[in-house]
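Encoded as structure tokens, the structure appears first; notes follow it.
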Amino acid sequence: MNRERELAQAFVDLADTYASDFDPLILFDRLVHTCRGLLDVDAAAVMIADGRGILKTMAATEDGAAFVELLQMQTGRGPCMDCFRTGEARGIPDVTAERERWPKLVPALLDHGYRALHTVPLRLHERSLGAVTLLRAQAGDLSAADAHLAQALADSAALSLMHWSTEPARVDDVITRVQSAIAAKAALEIAKGMIAVYGDIEVDEAGRRLADYARRHRVSLADTAHGLVSRTMDPTVVVVGPLRGRPGPES
């Protein structure tokens, strides 16, 4: 597939909110993997704010990216936090120059092999919902073209939340949907732990089996997680199910 087709398919996938099985968890997963696939970056993560303005990691392409996001939440400092608060993109071409400003974050980035960082706001009508963080193993600025594309992908995902259903939505309605997505992500993490313990498997493998079950049965990943957490669903059906297709969200 050439570059133009990849770009077109990426925006189609992010805008596909009218499907009966649309799931915000899948949307965020698509966003970070699309960023890593199309941009000159090695990892990506997306965070959105809860009702108190605290950022929550919704998806990450790998454990290293998720850890960096978690550290930013714990310390309340970092470029992702700044991006969310100001609604403006931020580029750090060499994180080693920021040791004094972020004494905990910079060592964590370097330990995970990241030398450069770029973050763009996830926004809707100038209202910041969160931020997308892009990490690079090599020092240097993200190209202007990639920075523009990153913002366009983030904006497309935010618009998908706006048009989640056929009913007209206001910005405040989107905020409510965002909170629902955060709750679904929390339930997913609990469900992954349950499946990991029940099946005596790794958490990443539990995430893949949950995503596979939801895909095969054409139900949302969020509903699957809630069914397990509420004990209305037998974990056996997830543990023993066959693995087919592309892995889903694992973060």
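If you build the Cα gyration tensor of the stretch 3-166 and take the root of 5 times each eigenvalue, what three semi-axes come out, in whole angstrom, biggest first?
On the way: eigenvalues 128, 62, 35 Å².
Three semi-axes, in Å: 25, 18, 13.
Subtracting the Cα-Cα distance from 0.36 nm times the residue separation, let me have the gained length for ALA144 to THR96 in nm, one decimal. Show your work: numbers first, answer last.
Working: separation 48, 0.36 × 48 = 17.28 nm, distance 2.19 nm.
Here the answer is 15.1 nm.
How do the peptides 83-94, 139-150, 112-123, 220-231 rank, highest first, by the average count of neighbouring beta carbon atoms within 10 Å per residue?
Numbers: 83-94: 17.2, 139-150: 15.1, 112-123: 22.8, 220-231: 18.8.
So the peptides 83-94, 139-150, 112-123, 220-231, ranked by packing, come out 112-123, 220-231, 83-94, 139-150.
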In nm, spacing of pseudo-spin labels at GLU202 and ASP155 (7 Å Cα→C-beta vector): 3.9
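Based only on other Cβ atoms within 10 Å, what is the fewest-to-most ordering of VAL178, VAL239, VAL46, VAL132? Could you put the intermediate results ahead of the total?
Numbers: VAL178 23, VAL239 19, VAL46 30, VAL132 27.
Ranked by crowding around the Cβ, least crowded first: VAL239, VAL178, VAL132, VAL46.
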Debye intensity ratio I(q)/I(0), log10, the stretch 175-239, q values 0.15 Å⁻¹ (C-alpha model): -0.40
Debye log10 I(q)/I(0) for the stretch 21-93, one point scatterer per Cα, at q = 0.21 Å⁻¹: -1.01
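Where does each of 33-41, 207-215 land if you order them by average Cβ count within 10 Å, highest first?
Values: 33-41: 19.4, 207-215: 22.6.
My ranking of the peptides, most packed first, is 207-215, 33-41.
Coordinate-derived values only; no laboratory data. Please read these numbers as outputs of a predicted model, since none were measured by experiment. Ideal geometry is used to build each Cβ from the backbone, glycine not excepted, and the neighbour counts take in all protein chains shown.
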